[in-house]
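Shown next, in structure tokens, is the structure this report addresses.
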Amino acid sequence: GVHSLQKPVRKFPEGFKFGAATAAYQVEGAWNEDGKGPSIWDDLTHTDPSPISDGSTGDVAADTYHLWKSDVELMKQLGLDFYRFSISWSRILPTGFPDQINQKGVDYYDNLITELLKNKIEPMVTLYHWDLPSNLQKLGGFANPLIVEWFEQYARVVFDKFGDKVKYWITINEPKQICYEGYGSTAKAPRLNMTGIAEYICAKNVLLSHAKVYHLYDENYRYKQNGQIGISVSCTWYEPASDTIEDHQAAEDARQFDWGQYIHPIFSKTGDFPLSLKNNVRLRSKEQGFLRSRLPVLSSEEIVYIRGSSDFLGINSYTTKLTYRDASLEGMYPVPSYMDDMSAVMVKDASWPQAQSSWLQSVPWGFYKILTQVRYLYDNPAVWITENGWSTSGGLIDNDRVKYYRTYLGALLDAVEEGSNIKGYTAWSLFDNFEWMSGYADKFGIFEVDFKDPKRTRTPRKSAHVYKEIIRSRSLDMNYDVDDKTVVAP
Ligand SMILES: O=S(=O)(O)CCCN1CCN(CCO[C@@H]2O[C@H](CO)[C@@H](O)[C@H](O)[C@H]2O)CC1
């Protein structure tokens, strides 16, 4: 037959939406400006000596607090359908409580939302993206059951102020990162490191906080504001390292511990934590002399309250790990600990392309598997990919990021063509930003940000040009190429 030089052009479904995402602490700056109160990330980055790899802070970051108007212009040029960003709780409620509402903080978000709508870009707002008001952490944060009330009161203020304009809400970003990395280790604020104990207490309170705000919206706001509200869960794919029963079981346990812990209670028919999580933690707790499981029980009322509490599932998915279970596990993890409860070893395959971030490798088939598994396990829920992206050390000709986006979008289309109900896709991130403990070393932006320039100049990378064409054509065209010269000297 004739070998066409043309690679096939793949169309995205009718109505499929494209966006880009950021988060308040990572991009806004103005950490103490115009009445904003401190958050746990302000506290963490102001620790001396700094635990951040490059010693940086989010004090200024990408300075979107001052540059939001021209940023919306950039989004318009890109052709974004929506922009996902988060609201800083302590910018709206400086003490964490609703007795003091910071009007200048409200104005900032109102201006941004209004500007987005003026440019026909839908705001997709995350209520909580890790920056808890310092006061609330002093009171225990997500280890205190009262967080459920505090989160609901904050959400009530936000829905009252912005709900007439915002139609897409995400209650909480990545509950596992909040609980496991923030309460069960030192990888994220507040770095409690009470592994095996605090992350499970946090998990229950995060789920109840999410459900409380879902029901608040569903019962008090939806009828007049007609929005959608969901949660974003971090989903890494865990593949058995070999075909042994042990490795299959290890991979399955890793999936249930990583994302089943949060998706199963909300999206499964039965609700509650996944069985493997409950069994593993209960058995280990008993062995260790605890008089009850370290995983808090969800009562039947709580199970019902959490089950079904989401209009869509937000999936943040970046990478895959090979997973195995063998004798080498002995003594590998602290006891008690979440990792010991899971009792699995996760490794990367040396053949996988490696990003600047140590945990990030490009494995498109793993993305396909997570999307397919979610379709099977949870009866094909409405899904938004609320984060997916690649980190580099910098530079404008980011061919590896272009390849990552194209191959992951190809995997997404494979899942969609087999029936996955995926509504849209969000590139993480619109801008280079404060990448938590890695500071500004790991760059995720399709726009480069010059952090040495007080003006924080934004420059579109090659990936921004490619993403713009994907959005314009609503298709994945591997024949399309960008002339590097047009990127470097725009
Ligand atoms: O430990 S392993 O290697 O065996 C597998 C775990 C990999 N995780 C996946 C989720 N990632 C957090 C993602 O975090 C998300 O993604 C962005 C980039 O990090 C952040 O900037 C966003 O704020 C956050 O929402 C942390 C690492």
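Each reported figure results from applying straightforward, stated rules to the coordinates on display, with no laboratory input. Fair warning: this is a prediction, and the values are worked out from it, not measured in the lab. Here the Cβ positions follow ideal geometry from the backbone for every residue, glycine too, while neighbour counts run over all protein chains shown.
A few notes on this one:
- Database remark: amide H of Thr126 closer than 5 angstrom to the amide H of Phe85, Ser86, Ile87, Ile170 (H placed geometrically; neighbours at sequence offset of 5 or more, or on other chains; Pro and chain starts carry no H).
- Charge-dipole axis of the range 1-135 as Lys and Arg at +1 and Asp and Glu at -1 on Cβ define it, positive-most pick from Ala20, Pro49, Tyr65: Ala20
- Cβ charges +1 (Lys, Arg) and -1 (Asp, Glu), total dipole of the range 1-154, debye: 880 debye
- Contact order normalised by residue count of the range 221-295, Cα under 8 Å, 6+ apart, percent: 18 percent
- Over the chain: Rg over Rh, Cα atoms, Kirkwood Rh: 0.95
- Computed from the C-alpha gyration tensor, the three semi-axes of the ellipsoid equivalent to the range 300-339 are 33, 19, 8 Å, from longest to shortest.
- When Rg and the Kirkwood radius Rh are both evaluated on Cα atoms of the range 257-316, their ratio Rg/Rh stands at 1.04.
- Relative contact order (%) - criterion: Cα under 8 Å, at least six apart; region: the range 364-475: 29 percent
- Note: relative contact order over the chain, using C-alpha pairs below 8 Å and six or more positions apart, is 17 percent.
- Cross-link reach list, lysines versus Lys17, counting only Cα pairs under 23 Å and skipping chain neighbours closer than eight places: Lys69, Lys76, Lys118, Lys120, Lys165, Lys167, Lys369, Lys403, Lys423, Lys462, Lys468
- Only helical runs count toward this figure. For the chain, summing -39,500 (n - 2.57) over DSSP H runs of n ≥ 4 and dividing by all residues gives -11500 deg cm²/dmol at 222 nm.
- Whichever lysines have a C-alpha closer than 17 Å to that of Lys452, once near sequence neighbours (fewer than 8 apart) are set aside: Lys443
- A simple charge model with +1 on the Cβ of Lys and Arg, -1 on the Cβ of Asp and Glu and nothing else charged puts the dipole of the chain at about 840 debye relative to its Cα centre.
- Residue order, fewest to most beta carbons within 10 Å, for Phe97, Phe444: Phe97, Phe444
- Summed over all non-identical Cα pairs, the Kirkwood treatment of the range 378-490 gives a radius of 15.2 Å.
- At most 11 other Cβ within 10 Å, DSSP loop - GluC sites (Glu not before Pro), the range 379-442: Glu418
- Measure of compaction for the range 1-157 (Cα Rg per 2.2 N^0.38 Å): 1.29
- For Lys161, the lysines whose Cα comes closer than 16 Å to its Cα, not counting residues fewer than 8 places off in the same chain, are Lys104, Lys224.
- DSSP beta bridges fully contained in the chain are about 25 percent antiparallel.
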